[in-house]
Amino acid sequence: MARQKGIFKIKGTIGDVTFYKSGDGYLVREKGGIDANRIASDPAFQRTRENGSEFGRAGKAGKMLRTAFRPLLLNSADHRMVSRLTQSMMKVIQADATSPRGLRNVLDGEAELLLGFEFNIRGKLGTTLFAPFVPTIDRVTGELKIDIAPFIPTNMVVAPSGTTHYKILSGGAEIDFENETYVVNTSETAILPWNATATAAISQTNMTTPNSTKPLFLALGIEFYQEVNGQMYSLKNGAFNPLSIVKVDSGV
């Protein structure tokens, strides 16, 4: 894959060469590949069709998870998050030990493999929040909960340069991957000062459906702010806001 250089950047196709823009800049590649009809029917491409089916399933499942957590992702995602999440979903699907190749799925896979997934690789929760927190999922009551003991922000929260304030947010999602529906609830603290004064204990409860049999996901994140003339502004447009999946219950 080649990069375009020079003052003028091109997008489009000229002959067998395609020019396009990605998150990595302006790139160029040669047009090519095997005929789609052959891939769809030739027995030699059976594995390709199976892999393609599962990859499509992973992409759809990743989109469901992103859509459910959209209220938290608006300010907490990097430009490669979609592809990274699809790759993680593929690992979930490939862990399905009961379905045949090409039919493996999220429900029969290992959704717990998504534990620790970072939605923003530029601001990871694990290297940002050092205050101990306890994530819990109560499937009977439908409560997805975060508890954080009092802590000193400047000691326990690694903030980007320019930070004056922050808030902690969380979300609980129940996702039906088969029917493409979800239930989600989110919580957030007030905007808090990033200083050397200990916080109060923080407890956030996000309700889903009691006694659900669907996969449940609990996410935790932080948003950073800068106060200017009494107004709060999202720091660097949220470029370093972490959001991570901190608890998963794959269901029954």
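Points worth noting:
- The range 110-252, accessible area per residue, ligands and nucleic acids excluded (1.4 Å, Å²): 46
- Counting only protein heavy atoms and a probe of 1.4 Å, the accessible surface of the range 197-239 is 49% carbon and sulfur.
- Charge context of VAL106, other residues only, Cβ under 15 angstrom, K/R +1, D/E -1: -3
- Difference of contour (0.36 nm per residue) and Cα-Cα distance, SER161 to THR67: 30.8 nm
- Cross-link table LYS60/LYS145; LYS145/LYS214; LYS63/LYS124; LYS63/LYS236; LYS91/LYS124, entries beyond 19 Å C-alpha to C-alpha: LYS60/LYS145; LYS63/LYS124; LYS63/LYS236; LYS91/LYS124
- Annotation: ASP147 carries an accessible surface of approximately 50 Å², with a 1.4 Å probe and no ligand, DNA or RNA atoms counted.
- The listed residues LEU103, LEU73 rank as LEU103, LEU73 when sorted by accessible area, largest first, using a 1.4 Å probe.
- Net charge in the neighbourhood of SER187 (other residues with Cβ under 15 Å of its Cβ; Lys, Arg +1, Asp, Glu -1) is -1.
- Pair SER53, ALA131: separation of 7 Å Cα→Cβ label points (nm): 4.9
- Report note on the peptides 241-250, 109-118: ranked by the mean count of other C-beta atoms within 10 Å, highest first, their order is 241-250, 109-118.
- To the nearest 10, the accessible area of ARG84 is 50 Å² with a 1.4 Å probe.
- Between amide H atoms placed 1.01 Å from N, distances below 5 Å from GLY251 occur with LEU216, all of them 5 or more places distant or on a separate chain.
- The 1.4 Å probe gives accessible areas that order TYR233, TYR182, TYR225, largest first, as TYR233, TYR182, TYR225.
The values are calculated or read from the model by the stated rules, or taken from the named source; none is laboratory data. Computed from a predicted structure; not experimentally measured. Heads up, the Cβs are rebuilt from the backbone with ideal geometry, glycines too, and the neighbour counts pull from every protein chain shown. Areas reflect the complete protein model, heavy atoms only, side chains present, ligands, DNA and RNA absent. Shrake-Rupley method; radii C 1.70, N 1.55, O 1.52, S 1.80 Å.
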